[in-house]
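Take a look at the structure below.
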Amino acid sequence: MRYTSALTAATLGMLGATALATALCAQEGGAGKPWRGAGTPPCFAPEGGTIKCVPAPGTVAIRAGQLFDSKTGQMVSRQIVLMQGERITEVGPEAQVKIPAGAQVIDLSQATVLPGMIDAHTHMFNNPKPGMSRETATLIGIHNMQADLRAGFTSARDMTSHGNGYADVDMRNAINEGRLDGPRFKVAGRGIVWGPAISANVPVNPLASSRIASADEGRAAVREHVERGVDWIKLYPGGAYSFTPTGDVNYVTTYPLAVLQAIIDETHRLGKKAGCHVFGGEGLANTIAAGCDTVEHAFGLTQVQADAIVSKKLAYDPTLQRYTEPYMDDNDNKNTGGKYRMIPIFEKAVTMAAATKGMKIMVGSGVDGATFPHGTQALEIVALVKQAHMTPASAIQAATINNAEVMGMLDQVGSLEKGKFADLIAVSGDPLADITELRRVKLVMKGGKVIRNDLASRTVGQR
């Protein structure tokens, strides 16, 4: 099979690694000529360079002692998951689902199987340090991404590349092309910030966030991002916070409401969604009023605002762990002499939001390689249970089916169902009894491919 121009960039973005690698297998050389190079015919990525050829998909069966049904929030016992290549073909009780002869069997009858987890707020690229090369920044990004995958996060949303331009678009494409093992990736590129125009004699950094000072500039920045291939638009309606001498909280507001509305309207016109970094105050009110699809952080969220998020069918991504780490208290102690703290204010807001009927809570870690290392994002799910008092089942649903729905991936991931990608994880214990089990993932499978299996000595067999 030869690669042809019919495989457009958009098509490449939708193909799974197996389908793409199979499509690009070079059974013939250029211009229809037989392969005349070294060895057997390789497989090529569209821009050149060889990638691993994917063999014809076989049938794999998983025996699950327990399986978490993310649609109902219930644990079911003694289940069989059948898959062919990248996709699940059947899921059901072992008394009803027959394992075909010759299928590879992975015995997880002493384990708990769950859908692959989804992290809705990552930063795969670290903020580049002075003098850091683009190559080093990319290698760090790849390391971070693969740490997340091995921790059981088989899908992720990258909420800006932290000064690395549109490199997250390239990383997403490399994953889709089969060049890299990584989560199914939705990316936001540079991000769009509010600020005065940079002086004409100061060089513009094309890798940094897009800076705008008007609605027209905001709409243009959205168009540039979409042209460069992003999936989401990252906005910043609010900035820092500070305490007054009497303990009230002041929150910085950035874009005027009319500008924010114009940016979000342009985003929606172009078929994309926006995620908004905001802490509270007027910026948070503007975020909700303008219809930002995901409200990120929201330290100062009120019940009235939570109800508005529900009524407007938005989603809330608190990143609770990221903003209740010890450094937060360090900063507040320094700035207030130990009088006031943001952590209990934020915990109260997230607890209230989680108890609000109809609220779509997401799991987004905010991992950025600084205070929250990649590969440890299950801490966010634990925080939602232990600090925001969500049930373990609802927290796992937030990390699976909720995130899949909000990210536009519900037909692909988020639950273990026929037709969806075979993205799943396994743990030894029961995360509904002990949510910290998710910090000890033993098996990770993405698209039917085993990424990690610490149970290998006793789980793989042949029927």
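Computed from backbone phi with θ = phi - 60° and the Karplus coefficients 6.51, -1.76 and 1.60, the 3J(HN,Hα) list for the stretch 312-317 is 8, 6, 8, 10, 10, 10 Hz; x is used for glycine and proline. Taking every Cα-Cα distance in the stretch 305-421 and sorting them into 5 Å bins from zero, the calculated P(r) comes out as 2, 11, 18, 20, 20, 14, 8, 4, 2, 1, 0, 0 percent. With the simple model of a label 7 Å out from the Cα in the direction of the Cβ, Arg223 to Gln110 spans 6.2 nm.
At the listed q of 0.11, 0.15, 0.21 Å⁻¹, the Debye profile of the stretch 117-271, built from one uniform point per Cα, gives log10 I(q)/I(0) equal to -0.50, -0.86, -1.29. Which one of Leu301, Gln321, Gln66 is farthest out on the positive end of the charge dipole of the chain, using unit charges on Cβ (Lys, Arg +1; Asp, Glu -1) and the Cα centre as origin? Final value for the positive-end residue is Gln66. Solvent-accessible surface of protein heavy atoms, probed at 1.4 angstrom with all chains present, puts Asp265, Asp423, Asp430 in the order Asp265, Asp430, Asp423, largest first. With only the Cα atoms considered, the stretch 212-274 has a convex hull volume of 87 Å³ per residue.
Here the contact order of the stretch 388-448, divided by its residue count and restricted to Cα pairs under 8 Å and six or more residues apart, works out to 27 percent.
Do you know the relative contact order of the chain, to the nearest whole percent, from alpha carbon pairs under 8 angstrom that are 6+ apart?
Details: 1039 pairs, mean separation 81.9, N = 463.
Here the relative contact order equals 18 percent.
Can you give the net charge of the other residues whose Cβ lies under 9 Å from the Cβ of Leu207, counting K and R as +1 and D and E as -1? If you can, show how the numbers build up before the last one.
Values: positive: Arg134, Arg190; negative: none.
Summing Lys/Arg as +1 and Asp/Glu as -1 gives +2.
At 222 nm, what value in deg cm²/dmol follows for the chain if DSSP H runs of at least 4 each add -39500 (n - 2.57) and the sum is divided by all its residues, to the nearest 500? Each step should come with its number before you reach the end.
On the way: 14 runs with 130 residues, N = 463.
Helix-only estimate at 222 nm: -8000 deg cm²/dmol.
What number does the stretch 92-166 give for Rg over Rh if you use C-alpha atoms and the Kirkwood radius? Write out the running numbers ahead of the final one.
Details: Rg = 19.2 Å, Rh = 15.6 Å.
Looking at the stretch 92-166, the ratio lands at 1.23.
Per residue, the accessible area of the chain comes to 43 Å², computed with a 1.4 Å probe over protein heavy atoms only.
Here the gap between Thr302 and Arg440, fully extended at 0.36 nm per residue and compared with their Cα-Cα distance, gives a gain of 46.2 nm. Among 286-296, 67-77, the peptide with the highest mean count of other Cβ atoms within 10 Å heads the list, and the full ranking is 286-296, 67-77. Run through all the Cα pairs of the stretch 229-310 and give the fraction in each 10 Å bin from 0, expressed as whole percent. Per 10 Å bin, starting at 0, the Cα pair percentages come out as 20, 50, 24, 5, 1.
Computed from the mean reciprocal separation of all distinct C-alpha pairs, what Kirkwood hydrodynamic radius does the stretch 208-350 have, in Å?
Numbers: mean 1/r = 0.0631 Å⁻¹.
Evaluated over the stretch 208-350, this radius sits at 15.9 Å.
As an equivalent ellipsoid, the chain spans semi-axes of 38, 30, 19 angstrom, where each value is the square root of five times an eigenvalue of the C-alpha gyration tensor, largest first. Charge tally around Gly429: other residues with Cβ under 9 Å, Lys/Arg +1 each, Asp/Glu -1 each, net -2. Beyond a 18 Å Cα-Cα separation, which of these cross-linked pairs lie in this structure: Lys313/Lys360; Lys186/Lys446; Lys186/Lys449; Lys312/Lys386; Lys357/Lys418? Table pairs above 18 Å Cα-Cα are Lys186/Lys449; Lys312/Lys386; Lys357/Lys418. Could you give log10 I(q)/I(0) at q = 0.19 Å⁻¹ for the stretch 311-373, computed by the Debye formula over C-alpha point scatterers of equal weight, without solvent? At q = 0.19 Å⁻¹ the computed log10 ratios are -0.80.
Applying 0.36 nm per residue to the separation of Asp454 and Ser214 and subtracting their alpha-carbon distance, the gain on full extension is 81.1 nm.
Need one word for the stretch 361-410: rounded, prolate or oblate. Basis is the Cα gyration tensor (sqrt eigenvalues a ≥ b ≥ c); a/c below 1.5 gives rounded, then a/b vs b/c decides. List each step's numbers first, then the result.
On the way: a/c = 2.63, a/b = 1.19, b/c = 2.21.
Oblate is the answer for the stretch 361-410, as a/c is 1.5 or above yet b/c matches or exceeds a/b.
The length gained on full extension between Glu47 and Ala258, counted as 0.36 nm times the residue separation minus their Cα-Cα distance, comes to 71.8 nm.
According to the Cα gyration tensor, what semi-axes, each the square root of 5 times an eigenvalue, does the equivalent ellipsoid of the stretch 353-458 have, listed from largest to smallest in whole Å? Could the numbers behind the result be given before it?
Numbers: eigenvalues 100, 66, 41 Å².
Whole-Å semi-axes of the equivalent ellipsoid: 22, 18, 14.
Each of Asn176, Leu149, Gly39 was scored by the projection of its Cα onto the charge dipole of the stretch 23-178, and the greatest displacement toward the positive side belongs to Gly39; charges sit on the C-beta of Lys, Arg, Asp and Glu. Cross-link reach is defined here as a Cα-Cα straight distance under 22 Å, omitting same-chain residues fewer than 8 places apart; for Lys33 the lysines meeting it are Lys52. Within the shell of other residues whose beta carbon sits under 14 angstrom from the beta carbon of Glu224, the net charge comes to +3, with Lys and Arg scored +1 and Asp and Glu -1.
The values are calculated or read from the model by the stated rules, or taken from the named source; none is laboratory data. Source: prediction; values computed, not measured. So basically every Cβ, Gly included, is an ideal-geometry build from the backbone, and we count neighbours across all protein chains shown. In case anyone asks, the SASA skips ligands and DNA or RNA and just uses the protein heavy atoms, side chains included. Shrake-Rupley method; radii C 1.70, N 1.55, O 1.52, S 1.80 Å.
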